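This report refers to the structure that appears directly beneath it.
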Amino acid sequence: MKWFNYKNKMPKKRLYRSKKDRMIAGVCSGIANYLDADPTIVRLIWAIATLLLFGLGIIAYLLAWIIIPEKGK
């Protein structure tokens, strides 16, 4: 089912965790699909941010795992 934004008649994107292109929980690949980006790039940025922010990326990943729904559920 597509969700539409009736102001400009464009389908509205939804953020889901990926089932196909996952490494752990599908968070990075789901974000990459939402942004139309390569999942490897999103994973690299997430890993670098985790190192630079003293591990906060791990907590953010766990929260995203809980909050973002899996596609198909």
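Just so you know, all these numbers are worked out from the coordinates, no wet-lab data involved. Note that this is a predicted model, so its numbers are computed, not measured. Backbone-built Cβ (ideal geometry, glycine too); neighbour counts: all protein chains shown.
For the stretch 23-73, what class follows from the C-alpha gyration tensor (a ≥ b ≥ c being the square roots of its eigenvalues): rounded when a/c is under 1.5, otherwise prolate if a/b is larger than b/c, else oblate? Each step should come with its number before you reach the end.
Values: a/c = 2.63, a/b = 1.31, b/c = 2.01.
Because a/c hits 1.5 or more and a/b fails to exceed b/c, the stretch 23-73 counts as oblate.
Taking a point 7 angstrom from the Cα of Thr50 along the C-beta vector, which residues in the stretch 23-42 have backbone N less than 17 Å away?
23-32, 39-42
Size of the dipole of the stretch 13-73 about the Cα centre, Lys and Arg at +1 and Asp and Glu at -1 on the beta carbon, nothing else charged, in debye to 20? Intermediate values should be presented prior to the final figure.
On the way: 9 positive and 4 negative charges, 61 e Å.
It comes to approximately 300 debye.
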